[in-house]
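Trainee: Pasting a structure below so you can have a look.
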Amino acid sequence: MKLLFLGPPGAGKGTQAKLVAERFNLLHIAPGDIFRQEVREGTDLGRLVEGIMAEGRLVPDDVTVQIMEKRISSPEAADGFALDGFPRNVAQAESLDKMLGAKNDKLDLVINLEVPEEELLERARTRRVCSACGKPYNIKLDPPKTEGRCDVCGGPLITRKDDNETTVRQRLKVYHEVTEPLIGYYNRDGIVVSISGCGDVDSVFQRIVRSLEDKGLSGKR
Ligand code: AMP
């Protein structure tokens, strides 16, 4: 199963893509997570992308596509993947088509998560991530068991540098300008399902699983 999660920043792509990947044994591929890890480790790539991410702009396509190509063609991705945050513009989508087309492959489904703008801003205010492993939390809707600590690894929770209001508004602008047109791009192939990303994590997850079942992608029919 080859899935793509689309949606504005804060729609819950990361949370849901990880859950779906776990349930269906897919490789979760998220450029944002990869870039943040590089920043944490202080690599050359990390230094290149840190400022760009803090301003809510997109990392150059050539850099992003090269990293994604490596992941998508890795043996771990052979049984399927859940893309979360790539492609983010039409040029990247065309690169992905080429990568998959070269192996006679294509995306099975694009899951477009819809959340009203006001809620996205509120979610950014209440989102925290583990500074060690990157797991996301929402201090109101999905708090950790121990305040300020990651349930999985015990690492300290922090606010993402790009979750301040100025950067969130910039990321939303980038989303509307260059990422949202991907809904039309993939609609031409009839592979987009739009799902409400509102409500608790489990309700959204159940909606996604039902859509996969409806499309005959879950192994259950
Ligand atoms: P995310 O974790 O998906 O919200 O991504 C955080 C940031 O990483 C974005 O605001 C961009 O700066 C960068 N980024 C993530 N995915 C991409 C992509 N496909 N193309 C370019 N930049 C990206």
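Trainee: Pop the C-beta distance of ASN164 and GLU118 into the FRET formula with R0 = 25 Å and round what comes out to the nearest 0.05.
Mentor: E between ASN164 and GLU118, to the nearest 0.05, is 0.90.
Trainee: Right, next: Please state the charge dipole magnitude for the chain, taken about the Cα centre, from unit charges on C-beta atoms (+1 on K and R, -1 on D and E), reported in debye and rounded to the nearest 20.
Mentor: Dipole of the chain, to the nearest 20 debye: 340 debye.
Trainee: Given the -39500 (n - 2.57) contribution per DSSP H run of 4+ residues, what per-residue ellipticity at 222 nm results for the chain, rounded to the nearest 500 deg cm²/dmol?
Mentor: -13500 deg cm²/dmol
Trainee: Taking a ≥ b ≥ c as the square roots of the Cα gyration tensor eigenvalues, with a/c under 1.5 meaning rounded and otherwise prolate when a/b beats b/c, else oblate, which class fits segment 86-217?
Mentor: The shape class here is prolate.
Trainee: Let me cross-check ASP202: its accessible surface, 1.4 Å probe, with only protein heavy atoms counted, in Å² to the nearest 10?
Mentor: Accessible area, nearest 10 Å²: 90 Å².
Trainee: Please calculate the 1.4 Å probe accessible area of GLU213, with all protein chains present, and give it to the nearest 10 Å².
Mentor: 50 Å²
Trainee: Now, a different point. Take the Cα coordinates of segment 24-67, assign each an equal point scatterer, and use the Debye formula without solvent to give log10 I(q)/I(0) at q = 0.17, 0.18, 0.20 Å⁻¹.
Mentor: Debye curve over Cα of segment 24-67, log10 I(q)/I(0) at q = 0.17, 0.18, 0.20 Å⁻¹: -0.47, -0.52, -0.62.
Trainee: Only Cα pairs under 8 Å and at least 6 apart count here; give the relative contact order of segment 140-221 as a rounded whole percent.
Mentor: 14 percent
Trainee: Once label points are set 7 Å from the Cα along Cα→Cβ at both ASP151 and ASN25, what is their separation, rounded to one decimal in nm?
Mentor: Reported label-point gap for ASP151 and ASN25 is 2.5 nm.
Trainee: Would you mind getting me the FRET efficiency between GLU94 and CYS133? Use the beta-carbon distance for r and R0 = 45 Å, nearest 0.05.
Mentor: 0.85
Trainee: Relative contact order for segment 14-100: what is it in percent, counting Cα pairs under 8 Å that are at least 6 residues apart?
Mentor: Computed value for segment 14-100: 39 percent relative contact order.
Trainee: Still on this structure, please answer the following. Can you compute the modelled spin-label distance between LYS140 and ALA78, with each label point 7 Å from Cα toward Cβ, in nm?
Mentor: My value for the distance between the label points is 4.6 nm.
Trainee: If you take the square roots of the eigenvalues of the alpha-carbon gyration tensor of segment 170-221 and sort them as a ≥ b ≥ c, do you get rounded (a/c under 1.5), prolate (a/b over b/c) or oblate?
Mentor: oblate
Trainee: Sort the chain into rounded, prolate or oblate with this rule: let a ≥ b ≥ c be the square roots of the eigenvalues of the Cα gyration tensor; rounded if a/c is under 1.5, and if a/c is not under 1.5, prolate when a/b is larger than b/c, oblate otherwise.
Mentor: The shape class here is rounded.
Trainee: Rg to Rh for segment 45-89: what is it, with Cα atoms only and Rh by Kirkwood?
Mentor: Reported Rg/Rh (Cα atoms, Kirkwood Rh): 1.03.
Trainee: Sorted by accessible area with a 1.4 angstrom probe, largest first, how do GLU69, GLU118, GLU38, GLU22 fall?
Mentor: The residues order as GLU22, GLU118, GLU69, GLU38, largest area first.
Trainee: Now for a separate question. Roughly how much of LYS103 is accessible, in Å² to the nearest 10, using a 1.4 Å probe?
Mentor: Approximately 110 Å² for this residue.
Trainee: How many lysine pairs are close in the chain, with Cα atoms under 17 Å apart and the two 8 or more places apart or on different chains?
Mentor: Lysine pair count for the chain: 17.
Trainee: Here's a follow-up. Could you give the accessible area per residue of segment 97-221, probe 1.4 Å, as a whole number in Å²?
Mentor: Per residue, segment 97-221 has an accessible area of 57 Å².
Trainee: Per the 1.4 Å probe, what fraction of the accessible area of segment 1-98, in percent, lies on carbon and sulfur atoms?
Mentor: Whole-percent figure for carbon plus sulfur exposure: 48.
Trainee: Could you work out the relative contact order of segment 81-221? I mean the mean sequence separation of Cα pairs under 8 Å and 6+ apart, divided by the number of residues, in percent.
Mentor: Contact order relative to length: 29 percent.
The values are calculated or read from the model by the stated rules, or taken from the named source; none is laboratory data. This is a predicted model, so every value here is computed, not measured. Positions of Cβ are backbone-derived with ideal geometry, glycine not excepted, and every protein chain shown enters the neighbour counts. All accessible areas refer to the heavy atoms of the entire protein, side chains included, with ligands and DNA or RNA removed. Shrake-Rupley method; radii C 1.70, N 1.55, O 1.52, S 1.80 Å.
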